[in-house]
Each structure stands twice: as structure tokens, then as C-alpha cells.
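All remarks here apply to the structure that follows.
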Amino acid sequence: MDIRKPPKISIRDIKETDLVDYLFKLGYQPAKIKGVDYWYLSPLRNENTSSFKVNRKINRWYDHGLGIGGNLIDFAILYNNCSVGEFLQQFNETLSFHRRDSYKSESDKMQPKIKILQKHSIGSVALLRYLDQRRIPLDITEQFCEEVHYELNNKIYYGIGFKNDSGGYEIRNPYFKASSSPKNITTIKQNAKEVAVFEGFFDFLSFMAIHKNQVKINSDFTILNSVSFFEKARPFMEQHETIRLYLDRDTTGQNYSRYAFSLSDKYSDVSDLYKHYKDLNDWLVNFGRSQKRNINQKIR
């Protein structure tokens, strides 16, 4: 089997992909479920009350704040800020999703496990383009990541894999966000007195990209791989004299920063450096190229 060349997926198959499953792979979970309606904080904008609805029976979404909705393709071109053609091309170059055979309740569904098949240096055209879109240099990515091919629901997929301390992988590509078991934090130790803390590995890679020309970065690193692992990461973080938090600028990230301040004065929040953006990578993608020199002087 040639796992580098997945079969092309028809537009009909893409439209019939389970939207709830698709959003889960992107990292979104419903805030509430009422029958067949799944309510989310909108992935398309910032909000505090969930007003983005997916009707799982008909597999359609509607954003009440924006007053628009549609099928998966309609959502994807807004979410990725791309044309239909670009989405279809990247979709076929990257992976297929799970076709929605029929509606099942949450009690009938079990999250399938990912089986890692092989790992090697990053060479897929789709993944290289993805890194370029997120402004992460390949040489930096290859220091910490691999191209991972894996099996899920008897189908073969691939993405950028970032290994955690237990040997599991965080896996990302333009349309997929998932983890293989076991899930854990990732720590990078350089015997430094301070540690920089990130929610996800793309923020960590963004930090490394910003400091690409720096001879030595005098810091250890903690990548939570999920903000819910904050408590698990505390023993390692609190071994250091200084703990710099590069958490997301959303409500959850800021709440964890405030919680950290209540624990110790070792913690400091440096997210004001990208305060008008979702996270450090969002800053790098949308604003970083022209302002990299300024922020590089502020981040120690």
C-alpha cells in the first residue's frame, strides 16, 4: 500500500463528513448538547456564549452570531480563509475524513485509537506547504517533529507529529488535530533556571522561529499539549526560578495564568506580547514578519 498517495475524495464525500467529528479533530468540543444539536463557542470568532450550532442529524452548522451556516466545505473555507479550490486540493493532498454513515448518539460512539505506522523526516508537499502557511521554518520543525503516518478507522493518514514525554504524538495538518496514546506533556531540559510554557507545539515552534538567529536560548521548555495538563506540569515547571507563560489569549488560557499567579510569584504572563491575537503562532502568521525585530527584543 502506498500511504503517501491517499485516494482522491469526492466533494460529496467531503460534505458528508461528520461535522462533529471534524470539529473534534480541529480541537473543538461542544459546550452543550441538546438532542441532535451540538452547541460550540464559535471557531470563526471570539465569544463567551456558545452560539455556533451543529445539527448532527442533517450534518449542517449555523453561526447565530454571524448569521451564516452551511455544510463542511462552507465552514472550512471560512475557517481556513481559503477558496473552495484550495481547500479541495489540500484536502486530497493531505487526508480524507470519516464519512458520516448515520447519526449516532454520544453514548453509542467511542473515540477510535490512532495506530502509528511509521515516522520519518518531513517530506510531504502538503505538510511543507502547511508549515509555510504557519511561518515555521523546516529546519526548526525537524529538530522537534517528524512526519507521522498512522491508521485510524482502517484508513491511512499522515501529519506533523510532536512527541510527548510518554511516547505519544500530537498530530497536526491543515485539517486534523489529534493525539495518539498515551497523551502527556513534553519537556525539553537544558539545565536552565527558567522555563517557557506553551499550550501547543506550534506556539513552541513559533518561539524557536522568532529566536532562530540567537546563538543560545537559555531556557527549558514545557509544552502542555493540552491546558488541562497544567497541574501535571507543575512539578517540572516549579523546579525553576522563573516560569514564563505563553498561553493562549482566550478565556481558558488567561484563567490558567491568573491561577498560576495565585500559586507562586515565580510565574509571569508574557502573552501581552501578542495580546491582539489568539496565540503566539497566530501573531507570527498574521503580524510577525513585519514586527519580529520588535518582539525579539522583548522576549528573553
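With the Cα gyration tensor of region 186-298 in hand, give its eigenvalues times 5 under a square root as the equivalent ellipsoid semi-axes, listed largest first in whole angstrom.
Value: 21, 17, 12 Å, ordered largest first.
Work out how much length His120 to Asn213 would gain on full extension: take 0.36 nm times their residue separation and subtract the Cα-Cα distance, in nm to one decimal.
Full extension of this stretch gives 30.9 nm more.
Contour minus end-to-end for Phe24 and Asp272, with contour as 0.36 nm per residue of separation and end-to-end as the Cα-Cα distance?
Result for the pair: 86.4 nm of gain on full extension.
Which Rg and Dmax, in Å, describe the Cα atoms of region 115-179?
11.2, 33
With the Cα gyration tensor of region 186-225 in hand, convert its eigenvalues to equivalent ellipsoid semi-axes via √(5λ) and list them largest first in whole Å.
Each semi-axis is √(5λ); the values are 16, 14, 6 Å.
Between Thr187 and Ser228, what FRET efficiency follows from the Cβ-Cβ distance if R0 is 22 Å, with the result rounded to 0.05?
Efficiency for this residue pair is about 0.85.
Mind sorting Ile156, Ile171 by how few other Cβ atoms lie within 10 Å of their own Cβ, fewest first?
Ile156, Ile171
Could you list Asp265, Asp18, Asp132 so that the one with the fewest beta carbons within 10 Å of its beta carbon is first and the one with the most is last?
The most exposed by this proxy come first: Asp265, Asp132, Asp18.
Any read-out appearing in this document is the output of simple, stated calculations on the displayed coordinates, not a laboratory observation. The model shown is predicted, which means the values in this text are computed figures rather than measured ones. Neighbour counts run over all protein chains shown; Cβ positions are idealised from the backbone, glycine included.
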